[in-house]
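This report concerns only the one structure given below.
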Amino acid sequence: DGVADSDKVKSSNLDVKIPKAELDAEEKGAEEEPPRESDSNILDVSSDYPRDKHISIQRHLADLEKLADLREDEKKPCPLCPEEKFKACYSHKLHRHLQNLHWKVSVEFEGYRMCICHLPCRPVKPNLVGDQTLSKMGAHYHCIICSATIIRRTDMIGHINRHVNKGETESRFITARAPKSSYEVVKESATDVQVLPNHATPQKTDSYFNPKMKLNRQLIFCALAVLAGERKPIECLDAFGATGIMGLQWAKHLRSSVKVTINDCNENSVTMIKENCHLNKMKVKLNIKEEDSDETVGDEEENSDTIEVTKMDANVIMHLRSFDFIHLDPFGTSVNYLDSAFRNVRNLGIVSLTSTDISSLYAKAQHVALRHYGCNIVRTEYYKELAARTVIAAVTRAAARCNKGIEVLLAVALEHFVLVVVRVLRGPTPADDSAKKIRYLIHCQWCEERVFLKEGNMVEENSYQQLPCDCHGSMPGKTAVLLGPLWSGALFNTGFLRRMLLEAMQYGLDEAQPLLKTLVCEAECTTAKHFSTHSPGDENKQEECGVYIKTPNTSTESYLVHGKRKSEEVLRSTAKRQRVEHSAEHPPFYYNIHRHSIKGMNMPKLNKFLSYLSEAGYRVSRTHFDPMGVRTSAPLAQFKTVLMKYSTPTYVGAQAEGPVHLPGEVQVGEGVPAAAEIKVEEAEFVEDDQSGVATAVFAQSYPTHCEAD
């Protein structure tokens, strides 16, 4: 019977596959103990365990009563208790016993109840208590999925949950199909993937899928689409495939422009990636290399609908093969894979990495940031940009060790992740130029002013003199802290971002378009009203890595060539001669307008404040790092001066110090009721009515008073 049941399990077309090792154990008649349960709570089942489901596993209470064969005129024993524990009794007492002891403390799964069992299913080891051991240690549960016997109810619930997380929801003793499939199909960007129910927990699942990372996947797709427009075909690697959603989107939309390789070191993940490829009508070229065997399965013909799936460590595959585009998205930090990523990446290729260890990068676990990134950071108002510069500094050092330099194309730090996209420049000269941009930062802890240390190896007598603020002279003790080493260069490349925006518009990526527009304005340090789809200098040329590249608006071929060093030098020299003023780097860091607001004053609207700073002669833009952040070339002192000039005092009710005259001969000094009589036509200029009419009136007259002075 055991062999027949195992054949049924193998032959049935199930969504969840039972591992081969467990099937072998079933054929032998002995079930192994689950590795994650403690020895004191699990009892192994003997070899003569019945092949049908245990009598303690029933659907209804009536089924359990049928086993007892209840009769009013006869005493019957409990079917789940030994005679020495519960003696035979009449039907009414036995019914209460079955309901209150066995049925109420049962564990439910897929319509079945695993009731507590007191039978001597396995001999219990004797101890000093002697006969009492059977009554205390004999109570246990029988797992409906495997043959494990578990003592505690909480352990049984956890044991069942682990089966569900692994996709093992088909009972060994019930040959019927599970009423509900253990797989869920998720659709994103016209790509279907099937995931396990616990796909949102990366530590416990083999198919981690986070819907909140959709924006991250769209940004990476746009970056790959831009690279695919420069040279075809390109070999791209998704080093941590999980469900394979990212690689499937690359192959499904870019088709013949890319040769996609999806890698994962977990065997269950590789199986799921293969199934997801078939779900999206993609052919699979399976290349699994392990320590003991090398096996290649797949079609010999390679076409645009073929995806290569590999099972090996990410460091190994990046050491063995060369790629044009590499994306790293491990669980946590990605510093362990940077050396391998830059070892064989091709010249002018792109490396993108997503870091999700935000507790350390956002300075909540500073010791972890020091251990992983070798960087000292503290919590500041610009902590998200600090996290991005920390990651880029680690990327720069890893690339420099491989005699490669980098050009940062994109750096995004949001709530759940930090995304960095860099272009690789081969050679010791670009490596030296990139390494020189790693510098330390002086941060004032009183006013949060900050400045990068000057280049040079000479020790300065007083580093506080480099800070624009005078907090060290007016405050006692040490007022500043040294942060870093950090990346001090630009975080964005305007030309690359514009082409990413064009790709996002072409493929209909609605979530990425607003962010890319913000990034373009931030890279150029301009406001949104000055935004255009073309660069201000030359509408057809974009500068990247010292190379001018044609945008899709032109019909001629791209200036970028495929790794020709001689042509690169010509283009670089041409780019240096044609460099214009608008290509200047954006100011580092930003200020939070709420952090520096004046107490007792109503600050102006953010967009108006940006225009005030721009009128004062400073470069200014908003930033994606902080919705209330202002990236500007103005020092903090001038920032506060402009903010103070256009802020208005806060008034509560009618407690104004003097009468304020309104247009139309309406006065507010007499009290609040007078303010209610203001006509709507006369109060159209009011922007924020939360702080009272008197405040809005003063905001109207305050700039006029300053101009008169």
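A single member of Lys259, Lys252, Lys232 is closer than 20 Å to Lys214 by Cα and open to solvent by 50 Å² or more (accessible area, probe 1.4 Å), and it is Lys252. Evaluating Lys136 against the criteria (1) outside any loop (DSSP other than H, G, I, E, B); (2) at pLDDT 80 or above; (3) open to solvent by 30 Å² or more (accessible area, probe 1.4 Å) leaves one unmet condition, (2). Taking each residue of the range 143-158 that is in contact (Cβ under 8 Å) with a residue 40 or more places away in the chain and acidic (Asp, Glu) and looking for partners that are surrounded by 24 or more Cβ atoms within 10 Å (Cβ to Cβ) and not in a helix (DSSP H, G or I) with beta-carbon atoms closer than 9 Å, six or more apart or interchain, yields Asp155/Tyr141. Note on the range 416-444: residues that are closer than 30 Å to His596 by Cβ and touching a residue at least 40 places away in the same chain (Cβ under 8 Å) total 12. Scanning the range 235-277 for residues that are free of Cβ contacts under 8 Å to residues at least 40 places away in the same chain and out of contact with any strand residue (DSSP E or B) (no Cβ under 8 Å at 6 or more places or on another chain) returns Ala242, Leu254. Go through (1) more than 22 Å from the chain's Cα centre (by Cα); (2) surrounded by 21 or more Cβ atoms within 10 Å (Cβ to Cβ) for Ala239 and report which single condition fails. (1) is the only condition that Ala239 fails.
Within the range 352-363, the set of residues being surrounded by fewer than 24 Cβ atoms within 10 Å (Cβ to Cβ) and among the hydrophobic types (A, V, I, L, M, F, W, C) comprises Ile358, Ala363. All of Asn127, Asn41, Asn100 fail the test of being of a type in the set (S, T, N, Q) and modelled with pLDDT of 50 or more, apart from Asn100.
In the range 635-646, the residues that are open to solvent by less than 50 Å² (accessible area, probe 1.4 Å) reach residues that are part of a loop (DSSP other than H, G, I, E, B) with C-beta atoms within less than 6 angstrom, at least six apart or across chains, in these pairs: Leu636/Glu449; Val642/Ala616.
The set of residues from the range 62-117 being assigned to a strand (DSSP E or B) and touching a Lys or Arg at 6+ places or on another chain (Cβ under 9 Å) comprises Cys89, Val107, Tyr112, Arg113.
Where residues in the range 364-382 are without any contact (Cβ under 8 Å) to a residue 24 or more places away in the chain and in contact with a Lys or Arg (Cβ under 9 Å, 6 or more places away or on another chain), which of them is surrounded by the most Cβ atoms within 10 Å (Cβ to Cβ)? In this case the residue turns out to be Gln366. Taken over the range 588-608, residues that are surrounded by fewer than 16 Cβ atoms within 10 Å (Cβ to Cβ) and not in a helix (DSSP H, G or I) amount to 7.
The values are calculated or read from the model by the stated rules, or taken from the named source; none is laboratory data. In this text, all values refer to a predicted model and were calculated from it rather than measured experimentally. Because the Cβ atoms are built from the backbone with ideal geometry, glycine has one as well, and the counts that use them run over all protein chains shown. For the accessible areas, the whole protein counts, side chains as well, though only heavy atoms, and no ligand, DNA or RNA atoms are used. Shrake-Rupley method; radii C 1.70, N 1.55, O 1.52, S 1.80 Å.
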